[in-house]
Amino acid sequence: MCGIFGFIGIDTDPGQIVLDGLKKLEYRGYDSFGIAITTKQKFIIHKQTGEIEHSTNPFIKAETNFAIGHSRWATHGGVTKENAHPHVSNNEQIMLVHNGIFENYLEIKKQLESKGYSFYSQTDSEVAAVLLEDLTKTLNPLEALSQLNKTLKGRYAMVIKFLNDNNLYAIRNGSPIIIGNNLENKQIYIASDIPAFLNHTNNVTYLDDNQLAVLTLNGQEISTRFFNLESLQQIEKRQIQVELDAQEAELGEFDHFMIKEIMEQKDSLLRAINQTNQKLEELAEIIKNAEDVYFVGCGTTGVVAMCARYLFAKIAKKKVHFEYGSEFSHLKELLQENSVIIGISQSGETIDTLEAIEMGKSMNCKTACITNVDQSTIARTADLTILLNAGIEKAVASTKATSSQIAILILLAYATINQTNAAKQLLKDTSGKINDMLNPRYENHLLKLSAKIKDSKDIFIIGKGINFPVAKESAIKLQEITYIHAEAFAGGELKHGPLALISEGTPVIVLATKDENYSDIISNATEIKSRGGFIIGISSENHPVFDTWLKVPESTIDTAIINLIPVQLLSYFIGILKNNNPDKPRNLAKSVTVK
C-alpha cells in the first residue's frame, strides 16, 4: 500500500523517470499521487488526486538531478491534494515521502504545535517533516534522522531530501525500501518494489530495518553509503542481481494484466515445480515431526492456507491448522516451541502474516514462508523460504500466484510421504490440462455466460471437501473484479441458513468434481434448483441439474487448481462487461503493508 520512488542522476529527466516508476507501482493501490524535484532555490511539487496512468511529466526540461514521488493510499486524512505526498517542513527546507503508519504522530503533533509549528494536512507524514525541521536546529541531517527514527513508533519507510545538500536519504523501519544501482549511466533509484526500476537496472540492494541509505551527488559522480540508524556507524551492504524479466511487467499483446496472468498459469505452474527437492523435503520433514503446524495467510492466501488443511489430510494423513493473519494473535497461548508457522504471501510484505511469523519466532517456533518475492521482508524473517517463481504478478487480484501456492502445498504434502517426484509429475500434467482449457472457444462460452449474469445482485458458490476453499477463493475473485456480492458455502451447510438467500434466477456456481463428494454436491445443487436457482456447473461431465456447464478436465487432488480457472475467467469477463478495471479494483491494494 502506497508506492515510493526516488531518483538521483546525471544528464537525464528525473521527473519523467519518477513518473514512470510510479506508474509501475500502481498495483500497490493509491488514490492520489505527487512528484517533486529540487532546484538550487526550492522544491517544486506537483500533486493530484486520481489516476497516474494518463498523467504527463509536469517538469519537462527542468534542470535537476533529484526527484521523488509517491502514490498514496489514504490512511490518516482524506483523499485531497493537501494530504498527498511529498510533504514539506514549515521552513520548506525538508521534503519527504512516506509509506506506513506513525502510531504516535498525534502526540508528536501536539508537542510541535506547542512550539509554534503549523500543519496544512491531516497526515502523519507531514508530522515527520516538521519534526525533522525541529531536530535539525541542533543536529546535523544524519543525527536528526537517527533521532527521528528513535522518536517515531510504527512500521514505515521514508525518502527524505534536504534542500541545502546534495544527498537523498532513505530509511527503512518495517516497510520495504530497495536501492537500484545503474552506476554505468550514473543513476540510482529508490523504490518500494523492484518492478518500479527493473527497466533501468537489476542491480539491487535491500535495506534492512533501522538502516539508512545516503545517495550522494558529488560533481559528476554519484555514490551510495549505508548506515546503522541507531549508532550511525557506516556499514557494508551486499548488492545482488535479481533474476526478473522486465517484460513480465509489461502488457504485451494483452489488454489487462489479469488476463495475461491467467493465461500464464500453464507456465508459472511449471516454474513452481521446477525447483530442487531439497528445501521442499526439508520443510516437509519439519512439518512431519511437528505437533502443531499453522498455515497463515490473508485474503486469497488465507483461503490457500485453508486448502492446506484438506491437502495434508487427504495426501499425508497429517493434521494441520490454518488461520487468517489478522486473527493469528489470538492463538498465542497455544503456541509451543515445537509449533511450526508457515506464512503464505505473494508479495512477502503482508503485515499481518509478517507479524504472525514474528510472533512465532519470539516464542522459538520454527517458521517458514511461501512467497513469490525473494529477499522480501517475510522471506528474510522466516527460517526457511519456498519461492513460487511465478514471475511478476501486477494485477491486484491474484491468479497465477494463487495456483502456484496451491501447487507448492501439494508438493509439500506429497514430500511428507516421500513422493515429491510423483507430485511434480501430477502437477506437470495439471499444466497441460490448463493449457487445453485456455482456448478461444472456452473463453467465448464464458463471455456469453458473463453477459447473462453480470447484472445479478448475488452470486453464490458451493463446494465440498477441497472444493470448499476453492469456492471461497472463487467468491473473492468475483467480489474483487465484478463488485457483485459473492459468497461461498460448504454444500452441506445450505439447509442451515443459506437456502433462504436463493430466489428465482440467483446464479449459483457448483464445484462438482467427480470424487467421493460428487453425489452430495449434486444433491445440494438440486435443492437450490428446486428453489429457482440458476445452476452453473463446473465439472468434467455434464449433469441434468446444470443450467450451464463449464467443462473442466478430469482431476484428482489438482482439482483445487483446475476449478479456479473458469471462475478467474468469469470474473474477468464480467468485470470488463461492467467497465470495471480488472487490474485495479476499487478500494483494494496488491500489497497490504499497514494494518
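The values are calculated or read from the model by the stated rules, or taken from the named source; none is laboratory data. Computed from a predicted model, the values in this text were never measured in an experiment. Cβ sites come from the backbone with ideal geometry, for glycine too, and all protein chains shown count toward neighbours.
Summary table below
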quantity	calculated
Residues of the stretch 448-478 that turn out to be over 28 Å from the mean Cα position of the chain (by Cα) and assigned to a helix (DSSP H, G or I), as a count	5
Subset of the stretch 269-299 (residues that are of a type outside the set (A, V, I, L, M), surrounded by fewer than 24 Cβ atoms within 10 Å (Cβ to Cβ) and touching a Lys or Arg at 6+ places or on another chain (Cβ under 8 Å))	288
In the stretch 541-556, residue nearest to residue 465 (Cα to Cα) [restricted to those that are β-branched (Val, Ile, Thr) and under 36 Å from the mean Cα position of the chain (by Cα)]	556
Checklist (1) within 29 Å of residue 432 (Cα to Cα); (2) basic (Lys, Arg); (3) at pLDDT below 95 applied to residue 551, failing item	(3)
Conditions (1) farther than 16 Å from residue 570 by Cβ; (2) under 31 Å from the mean Cα position of the chain (by Cα): number failed by residue 481	(1)
Hits in the stretch 476-505 - residues which are within 21 Å of residue 447 (Cβ to Cβ) and not acidic (Asp, Glu)	477, 478, 479, 481, 482, 483, 484, 486, 505
Selection count, the stretch 211-244, where residues are over 17 Å from residue 170 (Cβ atoms), part of a loop (DSSP other than H, G, I, E, B) and under 31 Å from the mean Cα position of the chain (by Cα)	3
Failed condition for residue 62, given (1) under 25 Å from residue 12 (Cβ atoms); (2) modelled with pLDDT of 90 or more; (3) among the small types (Gly, Ala, Ser)	(2)
Answer residue from the stretch 20-51, given it is in contact with a Lys or Arg (Cβ under 8 Å, 6 or more places away or on another chain), part of a loop (DSSP other than H, G, I, E, B) and not small (Gly, Ala, Ser) and is surrounded by the fewest Cβ atoms within 10 Å (Cβ to Cβ) among those	31
Where a residue in the stretch 442-467 is at negative phi and its partner, wherever it lies, is aromatic (Phe, Trp, Tyr) and modelled with pLDDT of 95 or more, with Cβ under 6 Å and at least six apart	446/573; 447/573; 450/573; 462/489; 466/310
Residue that is surrounded by the fewest Cβ atoms within 10 Å (Cβ to Cβ) [pool: residues in the stretch 156-183 that are in contact with a Phe, Trp or Tyr (Cβ under 6 Å, 6 or more places away or on another chain) and of a type in the set (Gly, Ala, Ser)]	180
Residue within the stretch 178-194 that is charged (D, E, K, R) and within 18 Å of residue 394 (Cα to Cα) present	yes
Residue in the stretch 499-509 that is among the hydrophobic types (A, V, I, L, M, F, W, C), at pLDDT 95 or above and in a helix (DSSP H, G or I) present	no
Per-region count, the stretch 390-432, residues of a type in the set (A, V, I, L, M, F, W, C), in contact (Cβ under 8 Å) with a residue 24 or more places away in the chain, in a helix (DSSP H, G or I) and surrounded by fewer than 22 Cβ atoms within 10 Å (Cβ to Cβ)	1
Counted residues, the stretch 213-228 - those being in contact (Cβ under 8 Å) with a residue 40 or more places away in the chain and touching a Lys or Arg at 6+ places or on another chain (Cβ under 8 Å)	5
Of all residues in the stretch 375-389 being touching a strand residue (DSSP E or B) at 6+ places or on another chain (Cβ under 6 Å) and assigned to a loop (DSSP other than H, G, I, E, B), the one that is nearest to residue 177 (Cα to Cα)	375
Evaluation of residue 556 against (1) in contact with a strand residue (DSSP E or B) (Cβ under 8 Å, 6 or more places away or on another chain); (2) of a type in the set (Val, Ile, Thr); (3) surrounded by fewer than 20 Cβ atoms within 10 Å (Cβ to Cβ) (one fails), failing number	(1)
Residue within the stretch 270-291 that is part of a loop (DSSP other than H, G, I, E, B), within 30 Å of residue 487 (Cα to Cα) and among the hydrophobic types (A, V, I, L, M, F, W, C) present	no
One residue from 24, 47 being basic (Lys, Arg), in the same structural domain as residue 93 (by TED's automatic domain parsing) and more than 19 Å from residue 124 (Cβ to Cβ)	24
Verdict on residue 54 being in a loop (DSSP other than H, G, I, E, B) and surrounded by 18 or more Cβ atoms within 10 Å (Cβ to Cβ)	no
Strands (runs of 3 or more DSSP E) wholly inside the stretch 320-374 that include at least 1 residues being touching a residue at least 40 places away in the same chain (Cβ under 8 Å)	339-345, 366-371
Conditions (1) out of contact with any helix residue (DSSP H, G or I) (no Cβ under 6 Å at 6 or more places or on another chain); (2) within 24 Å of residue 244 (Cβ to Cβ); number of the one not met by residue 393	(1)
Some residue of the stretch 472-491 being acidic (Asp, Glu) and surrounded by fewer than 19 Cβ atoms within 10 Å (Cβ to Cβ)	yes
Some residue of the stretch 532-540 being assigned to a helix (DSSP H, G or I), within 34 Å of the chain's Cα centre (by Cα) and surrounded by 24 or more Cβ atoms within 10 Å (Cβ to Cβ)	no
Residue in the stretch 38-60 that is hydrophobic (A, V, I, L, M, F, W, C), touching a residue at least 24 places away in the same chain (Cβ under 8 Å), under 26 Å from residue 351 (Cβ atoms) and touching a Cys at 6+ places or on another chain (Cβ under 6 Å) present	no
Residues of the stretch 242-294 classified as in contact with a strand residue (DSSP E or B) (Cβ under 9 Å, 6 or more places away or on another chain), more than 29 Å from residue 315 (Cβ to Cβ) and among the acidic types (Asp, Glu), total	0
